[in-house]
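Read through the structure below, which is laid out as structure tokens, and then see the notes.
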Amino acid sequence: MRLEQLRHTTPLIHNITNYVAMNSMANILLALGASPAMVHAREEVAEFASIAHALTINIGTLSADWLEAMQQAARSATQHGKPWVFDPVAVGATQYRQQAGRLLIAERPSVIRGNASEILALAQQASTGRGVDSTAASDAARDAASELARATGAVVAVTGEIDLVTDGKRLARIHGGHPMMPRVTTLGCSLTGVVAAFIATSEDTFLATCAALACYAEAGRIAGAASSGPGSFSSAFLDALYQLDAGSLPPVEITHVE
Amino acid sequence: MRLEQLRHTTPLIHNITNYVAMNSMANILLALGASPAMVHAREEVAEFASIAHALTINIGTLSADWLEAMQQAARSATQHGKPWVFDPVAVGATQYRQQAGRLLIAERPSVIRGNASEILALAQQASTGRGVDSTAASDAARDAASELARATGAVVAVTGEIDLVTDGKRLARIHGGHPMMPRVTTLGCSLTGVVAAFIATSEDTFLATCAALACYAEAGRIAGAASSGPGSFSSAFLDALYQLDAGSLPPVEITHVE
Amino acid sequence: MRLEQLRHTTPLIHNITNYVAMNSMANILLALGASPAMVHAREEVAEFASIAHALTINIGTLSADWLEAMQQAARSATQHGKPWVFDPVAVGATQYRQQAGRLLIAERPSVIRGNASEILALAQQASTGRGVDSTAASDAARDAASELARATGAVVAVTGEIDLVTDGKRLARIHGGHPMMPRVTTLGCSLTGVVAAFIATSEDTFLATCAALACYAEAGRIAGAASSGPGSFSSAFLDALYQLDAGSLPPVEITHVE
């Protein structure tokens with residue numbers, strides 16, 4: 001089982017993430033069984049990315065210095081054969097974020113994880129002009145994810161009420177989670193770290209990403225049943241991740257899209 | 001009811017706040033029903049402030065780059081008719097903070113929210129030399145708040161055991177809350193975001209600020225009754241904000257000071 | 001009792017710490033009864049360090065600007081007779097951190113608190129070439145701590161399953177705590193603040209450091225007994241610190257090493 005493998009390995013996950021997410025993400029990775037480190041100085045990111053088992057980059061609270069460090073870290077990870085996950089927070093919201101998205105996609109992430117509108121925004125940038133069909137929200141996200149996966153070579157995960165994962169050939173849907181999850185800040189950002197921990201300790205990036213999302217959804221379902229608001233949910237969610245039994249996870253539904 | 005209006009609108013609140021507060025503030029805004037975003041890069045703050053429904057600026061963990069971004073964001077908010085709330089953390093503590101206070105007051109905040117000593121420090125800066133009567137702590141805060149409101153055109157909220165709100169003409173006192181609140185970090189900073197969420201979705205800034213403080217005090221009262229220390233209080237406070245029933249809020253006492 | 005003295009004084013603790021730890025550390029200091037402030041701008045750190053009762057410096061999320069501010073703050077603290085605690089997070093991991101460690105040790109911290117590998121890395125830097133005996137992990141940490149204490153004049157605390165504290169002459173072992181503690185992020189970083197709060201309100205830095213660690217271990221033991229995962233542990237830990245009865249702390253075992 002991938003979760004047991006992760007817990008046995010305790011992978012070191014190097015995160016360049018936003019200020020809001022740092023504490024929650026570190027707690028979520030520790031609860032799961034990984035070892036988080038937040039390191040962003042240009043003086044050391046490349047060296048640290050070569051030591052860690054995987055890297056995550058999140059543009060939530062961006063600035064010029066950090067963007068430069070993100071590019072250096074991503075390049076070092078790729079050079080040293082370490083997988084990295086890109087989290088394009090609000091990538092369509094400002095011109096600066098669109099530019100950051102382009103620069104980081106060029107560093108070839110292993111996985112891109114975002115919500116539907118972020119994946120749509122990236123796919124439109126990456127597409128050769130044909131554009132993305134957006135007649136229906138979920139179809140649009142699926143088509144955008146497939147197109148983005150093919151254009152970049154990354155596994156693309158679109159998370160929301162139902163999660164989609166695709167490598168351009170296979171498509172998985174992960175059900176579960178809980179309606180309280182969007183009322184707790186940075187659960188999406190933290191999931192990016194969980195994806196990194198799974199792909200760092202598994203050979204098939206697509207299946208490892210699916211396993212990460214399935215674990216998260218299951219912990220969300222358990223926490224939701226045990227809480228009465230976002231405060232008690234946060235606490236119960238960490239406990240659920242810590243106690244998660246790899247044997248009891250629901251199966252992931254995978255289809256072939258080509 | 002203003003709380004129902006807020007929940008219906010889900011206002012996007014742009015926050016340039018201190019590192020300590022970011023996570024708590026985001027969770028508090030989400031629990032209440034608003035949509036928080038933390039964005040501070042000079043490359044994008046002006047653009048983002050024009051998109052959001054309201055802006056907050058908090059000088060808790062200040063630095064030169066951020067102060068510049070704060071000024072740009074505040075200017076953009078004012079230009080685009082978006083209200084903004086200023087939180088002058090420890091404004092009297094160092095010369096640098098005094099200077100930051102002057103620069104940001106000059107950008108004409110809609111609301112200034114601070115504790116008694118912060119409001120006193122700002123009022124002394126804004127006053128024309130007459131000084132602030134400080135014979136008694138609560139009287140001093142009331143007089144300083146009125147003077148600051150008249151000098152700046154902002155609604156001024158002094159939060160503490162009893163909250164005071166004034167626009168220079170009307171004065172409101174909000175009772176409630178709980179003695180555990182000062183033992184949880186950044187509850188004051190986060191309240192600044194809650195004020196922004198209310199004024200973004202209401203026409204009368206003074207009454208909207210009163211409603212924000214009344215909701216916060218009531219959630220504090222509920223959480224205090226259900227907790228045995230600051231850890232359980234934090235969790236119960238988020239749950240209480242999430243579950244808050246707009247119909248059961250205690251009335252706010254308003255007097256006319258002119 | 002040192003805890004009662006601390007609560008009576010409510011010392012103002014100036015922290016230049018990493019982004020991950022800030023919120024947790026502030027909450028832990030407030031729960032304990034101290035008053036935390038996070039201030040890092042070069043424009044004000046020296047002034048603020050002269051106002052506060054003690055200073056902490058943590059290199060977890062380092063950058064060039066901050067390192068400069070850390071040096072200025074440490075120098076100001078030393079000049080104004082204020083104690084300061086150094087937390088050398090991952091000091092051996094990159095060349096940049098090794099350099100930061102050397103620069104900050106040169107500013108003469110009152111206490112150095114780290115895990116065994118961090119203290120070993122610092123001791124190797126500080127040693128005159130003889131190296132540190134590393135035949136057994138706990139012996140190595142003890143010898144490194146003593147050597148580092150003698151080389152720097154600081155009290156050295158090595159925290160882990162069993163904590164060691166030494167001033168080069170006396171050696172204390174603090175038992176207790178709980179296995180859940182390493183699964184919650186920044187409990188070590190926050191302990192650095194707790195040490196600062198104790199040494200700010202006590203004359204004997206060695207004994208005050210021991211008292212800080214004993215309180216922390218006891219709160220951990222209480223929280224561990226009341227929780228079922230890292231989420232409920234965090235909440236219970238803050239409640240336990242808040243409720244901690246100074247009279248019920250277990251004794252600290254002290255031996256003389258010279």
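The values are calculated or read from the model by the stated rules, or taken from the named source; none is laboratory data. Everything numeric here is computed off the predicted structure, so don't read it as measured data. Heads up, the Cβs are rebuilt from the backbone with ideal geometry, glycines too, and the neighbour counts pull from every protein chain shown. Only protein heavy atoms, including side chains, enter the accessible area calculation; ligands, DNA and RNA are left aside. Shrake-Rupley method; radii C 1.70, N 1.55, O 1.52, S 1.80 Å.
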Probe 1.4 Å, all protein chains in place: accessible area of A:Val39 in Å², nearest 10?
10 Å²
Any idea of B:Thr192's accessible area? Nearest 10 Å², probe 1.4 Å.
0 Å²
Please calculate the 1.4 Å probe accessible area of A:Arg75, with all protein chains present, and give it to the nearest 10 Å².
110 Å²
Using only Cα atoms, figure out Rg for segment C:92-227 and give it as a multiple of 2.2 N^0.38 Å.
1.03
One decimal, nm, nearest first: from C:Lys169 to the same residue in each other copy, label points 7 Å out along Cα→Cβ, the values are 7.2, 7.2
Kirkwood Rh and Cα Rg combined as Rg over Rh, evaluated for the protein assembly as shown:
0.96
Teacher prompt: A:Ser35 distances to equivalent labels in other copies, 7 Å Cα→Cβ, nm
4.0, 4.0
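How much accessible area per residue does the protein assembly as shown have, in Å², with a 1.4 Å probe?
36 Å²
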Please give the FRET efficiency for C:Thr255 paired with C:Gln95, using the beta carbon to beta carbon distance and R0 = 35 Å, rounded to the nearest 0.05.
0.40
May I ask you to compute the full-extension gain from C:Gln79 to C:Asp245, defined as 0.36 nm times their residue separation minus their alpha-carbon distance, rounded to one decimal in nm?
56.2 nm
Regarding segment A:2-256, what whole-number volume in Å³ per residue does the convex hull of its Cα atoms give?
112 Å³
Interface size A-B, as summed buried accessible area [1.4 Å probe, Å², nearest 100]:
2000 Å²
Projected label distance in nm at C:Asp65 and B:Ile162, using a 7 Å step from Cα toward the beta-carbon:
4.2 nm
